[in-house]
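What follows is a short report on a single structure.
The values are calculated or read from the model by the stated rules, or taken from the named source; none is laboratory data. Since this is a predicted model, take the numbers as computed values, not measurements. Note that each Cβ is placed from the backbone with ideal geometry, even for glycine, and that neighbours are counted across all protein chains shown.
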Amino acid sequence: MKLKLFLLSLSFLFLAAFSAHAAAMKQIQYFVGQETVLRNPGDQIDMPFTVFIGEIQPLIKSAEVEIRGVATNQVTPNPTLQVSIDDPTFAQARAKTFVLDSVQRTDPFKIRYDATSYLASVINEGGNWSFTLNLKLDGAAASLLSAKIRLTYTFLPKFLTSGQLDSSTYDTQVPEGAGYNAIMWKGQLPATSRVLFQFATSNDPNGPWNFLGPDGLPTSYYEPSGPDIPIRISPAYHNNMRYFRYRIILKPSNTGLASPRVDDVIINWSP
């Protein structure tokens, strides 16, 4: 089975050309989380996620979280979904309440939550930044919940020496564990830049997570020779595990002025 993770992207879309002295603007999109089971009225869902900013002196201009799902089993009129970030009690001003469409018995919904103010107050340099998206249902259940975030920011046009991002946890839904075959990525690889991977598996959605390279060591890396070229995952360290995560390490060109762009990551596995 080939599992293509469209939302697991480090899609670096340049929105403005840059010179050695001018600020540039970039938009990136990250997967936040997904729920594979029905969540009931009153349930709170906390989705931890990490974003990676690979440039110097970022300034967040826009941060939008898109939340999708299907409302069902309505128990009160005008069911709602509370949304916040790093706010498990929904007590901060950034917490918002959205009314879910309740015209039909089962209704798909899409919500856009503006997190610009909060993320702009937190992200002040390049690197990994970790957050938790907080959701709470009231008056209806929801299935197929998923979320992604789009960030737009300006930066000085020179990249960090390297950066890494750990994906969210993915469930193969194979109770006895899956067989993991290969990793492949899509995007662009400028001359002398590098894209490295490590892979981690577990039979518990909470880990522990040991990110390993092809020889089973935390100091080694899978390095496909370019985009659209799969590289085999060493089965001895990962097969028969239900859950997986991966780590991407991005290394810019020798000049520091060009970075690889990873649009999609594809994990090939067998039940």
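Check Ser102 against each of (1) modelled with pLDDT of 90 or more; (2) surrounded by 13 or more Cβ atoms within 10 Å (Cβ to Cβ); (3) not hydrophobic (A, V, I, L, M, F, W, C) and name the one condition it does not meet.
(1)
In segment 187-203, which residue that is at pLDDT below 95 and outside any strand (DSSP E or B) is surrounded by the fewest Cβ atoms within 10 Å (Cβ to Cβ)?
Ala191
Sort out which residues of segment 111-160 are in contact with a Phe, Trp or Tyr (Cβ under 8 Å, 6 or more places away or on another chain), of a type in the set (Val, Ile, Thr) and farther than 25 Å from Gln74 by Cα, and write them in order of number.
Val122, Ile123, Thr132, Ile149 - these are the residues of segment 111-160 that are in contact with a Phe, Trp or Tyr (Cβ under 8 Å, 6 or more places away or on another chain), of a type in the set (Val, Ile, Thr) and farther than 25 Å from Gln74 by Cα.
Pick out, from segment 79-166, the strands (runs of 3 or more DSSP E) lying fully within it that include 3 or more residues that are touching a residue at least 40 places away in the same chain (Cβ under 8 Å).
Counting at least 3 such residues, we get 80-85, 107-114, 127-138, 141-159, 163-166.
Identify the residue in segment 1-35 that is loosely packed, with under 13 Cβ neighbours inside 10 Å and touching a Ser or Thr at 6+ places or on another chain (Cβ under 9 Å) and, among all such residues, is modelled with the highest pLDDT.
Met1
Condition first: in contact with a Pro (Cβ under 6 Å, 6 or more places away or on another chain) and buried (at least 18 other Cβ atoms within 10 Å of the Cβ). Now tell me which residues in segment 223-257 satisfy that. Spell out how you get there, then give the answer.
First pass over segment 223-257, keeping only residues in contact with a Pro (Cβ under 6 Å, 6 or more places away or on another chain): 231, 234, 243, 250, 253.
Passing the criteria: Tyr243, Leu250.
Out of all the residues in segment 177-225, which are β-branched (Val, Ile, Thr), more than 19 Å from the chain's Cα centre (by Cα) and closer than 16 Å to Ser167 by Cα?
Scanning segment 177-225 gives no hits.
Kindly establish whether Ser220 is modelled with pLDDT under 95, assigned to a loop (DSSP other than H, G, I, E, B) and surrounded by 13 or more Cβ atoms within 10 Å (Cβ to Cβ).
no
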